[in-house]
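> The structure's right below; bear with me while I get my questions together.
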Amino acid sequence: MSRPTIRIHNVTTNEVFDREMDDAEFEAYQDRQKQYLMEQAETKAKASAKADLLKKLGITAEEAVLLLS
Amino acid sequence: MAKQTFTTGQVLTAAQMTSLQQTAMCGGAASAKTASYTLVAADAGGAISMNSATSTTITVNTALFAAGDTVFITNLGAGICTITAGTATVNSSASLALAQYESGFLDFTTTSAAIFVKGSGAAAASGGMTLISTTACTGTSVVLSSIPGTYTNLQVIIDNFAPSAAAKLEARYNGQGGTTHQSAYFSLGSTTFLNPTSKTSQARLTDANLRASNNETRLFMNIPYYSSTDNQKKLTQFQLAGQNTSNQDTQSMGYIMYQQNNTAITQLEFFWDTGTTFASGTAYLWGIK
């Protein structure tokens, strides 16, 4: 399976290379993907908790904003 | 007039003498090029003028020129023209890249080595601004590497860029991971400073997912004293404007603190938080004296 490609522009020699990520770059890329998925899960969990609380209080999101303003 | 080999008894014409006189006075017609070019033996003693809107190279190979030969090169186009060592060796105390209206000449010391002497206009002592590189953004990650440390400040503009699928732009310096970057920014409509990627391997440049394949986005970055190796923080100030996934205008501004105090910045990398690819974009790197 091919890896994501990376464009490297050596600005001193003006040479441009397009190649697949090497092992270290691919590892960093996978770490970033994990971080992204964690952020997505956190965002989803927060939204879910917020919706549960609004339901418990019996108010809408707009009404909650009005209360806090 | 390119270098000639005269023979005994040859009669020179008035046109030849005029052309030789022009060459001797550093003038004469240049051979116009509009794309990357490899020098040939007939270029000895002549002039090349490059005129291209995109980056080009002039390649220098061995066994074509004799010691003492010269070739004068001028860049008339907006694209950077870089003198590139092919099979020959090219040394220079200045950059081998010619920005628009810059010029220099190759002075061959042997058949396989030349010194590139760049015109003084290329090396302003202060206040000068040079377009170092122009890079079309493609792939998952765009890396500007081997940034010369000969300028005081760097300026980066990425124009008309977009992800292939909605995502947030991130940046990383010197390819370094660990706790090396800290970013903080605020976005239009937000009253809170956001600091979601504090002390991580990369810095985030916007809180909004930028719309896929939209060409209205522009990033502007300033990096003062990027090549300093003293014990001072490397600070980047940035501004980003584009459209979010709801087609609304969005902008953010903030800073990146690169935490490797004693390390010069020689590489800049840009990528998307989701791992998607660049659908478009052009990155311009400027050096400021």
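> Which of B:Asp69, B:Asp273 has the fewest other C-beta atoms within 10 Å, and how do the rest follow up to the most?
Details: B:Asp69 20, B:Asp273 23.
Going from sparsest to densest Cβ surroundings: B:Asp69, B:Asp273.
> Dipole size in debye (nearest 20) for the protein assembly as shown around its Cα centre, Lys and Arg Cβ +1, Asp and Glu Cβ -1?
In debye, rounded to 20, the protein assembly as shown gives about 360.
> Could you pull the Cα extents of the protein assembly as shown along its three principal axes, largest to smallest, in whole Å?
109, 45, 35
> With +1 on the Cβ of every Lys and Arg and -1 on the Cβ of every Asp and Glu, and nothing else charged, how large is the dipole of chain B about its Cα centre, in debye rounded to the nearest 20?
Result for chain B is approximately 260 debye, rounded to the nearest 20.
> Among the aspartates and glutamates, select those whose C-alpha is under 17 Å from the C-alpha of B:Lys3, and discard any that sit fewer than 8 residues away in the same chain.
B:Asp43, B:Asp69, B:Asp107
> Count, for each residue of B:133-140, the Cβ atoms from other chains sitting within 10 Å of its Cβ, then give me the mean as a whole number.
5
> Further question on the same structure: Along the charge dipole of chain B, Cβ charges K/R +1 and D/E -1, which of B:Tyr151, B:Ala114, B:Thr229 sits furthest on the positive end?
In chain B, that residue is B:Thr229.
> Less than 21 Å apart at the alpha-carbon level, and either on another chain or at least 8 residues along: which lysines does that give for A:Lys56?
Cross-link targets: A:Lys44, A:Lys46.
> Only helical DSSP H runs with n ≥ 4 go in: add -39500 (n - 2.57) per run for chain B, normalise by residue count and round the 222 nm mean residue ellipticity to 500 deg cm²/dmol.
Helix-only estimate at 222 nm: -1000 deg cm²/dmol.
> Can you bin every Cα-Cα distance in segment B:157-289 into 5 Å intervals starting at zero and give me the percent of pairs per bin, rounded to whole numbers?
Binned Cα distances yield the sequence 2, 11, 21, 24, 20, 13, 6, 2, 0.
> Which listed residue (B:Leu210, A:Ala61, B:Asn174) has the Cα farthest towards the positive end of the charge dipole for the protein assembly as shown, taking +1 on Lys and Arg C-beta and -1 on Asp and Glu C-beta about the Cα centre?
A:Ala61
> Now for a separate question. Helix-derived [θ] at 222 nm for chain A: sum -39500 (n - 2.57) over DSSP H runs of at least 4, divide by residue count, nearest 500?
-21500 deg cm²/dmol
> Same structure again: I'd like the FRET efficiency for A:Ala47 and A:Asp23, computed as 1/(1 + (r/R0)^6) with the beta carbon distance as r and R0 of 35 Å, rounded to 0.05.
0.45
> Starting from the Cα of B:Lys289, draw a straight line to each of the lysines and keep only those under 27 Å, dropping any in the same chain fewer than 8 residues away.
Qualifying lysines at Cα under 27 Å: B:Lys118, B:Lys233, B:Lys234.
> Same structure, new question: What size of dipole, in debye to the nearest 20, comes out for segment B:129-288 about its Cα centre when the only charges are +1 on Lys and Arg C-beta atoms and -1 on Asp and Glu C-beta atoms?
Its charge dipole is roughly 220 debye.
> For segment B:193-268 and segment B:1-64, write down the distance between their C-alpha centroids in whole Å.
Each part's Cα centre sits 46 Å from the other's.
Computed from the coordinates by the stated procedures, all read-outs in this text should not be read as laboratory data. Just so we're clear, the structure is a prediction, and the values are computed from it rather than from any experiment. All Cβ positions, glycine included, derive from the backbone under ideal geometry; neighbour counts span all protein chains shown.
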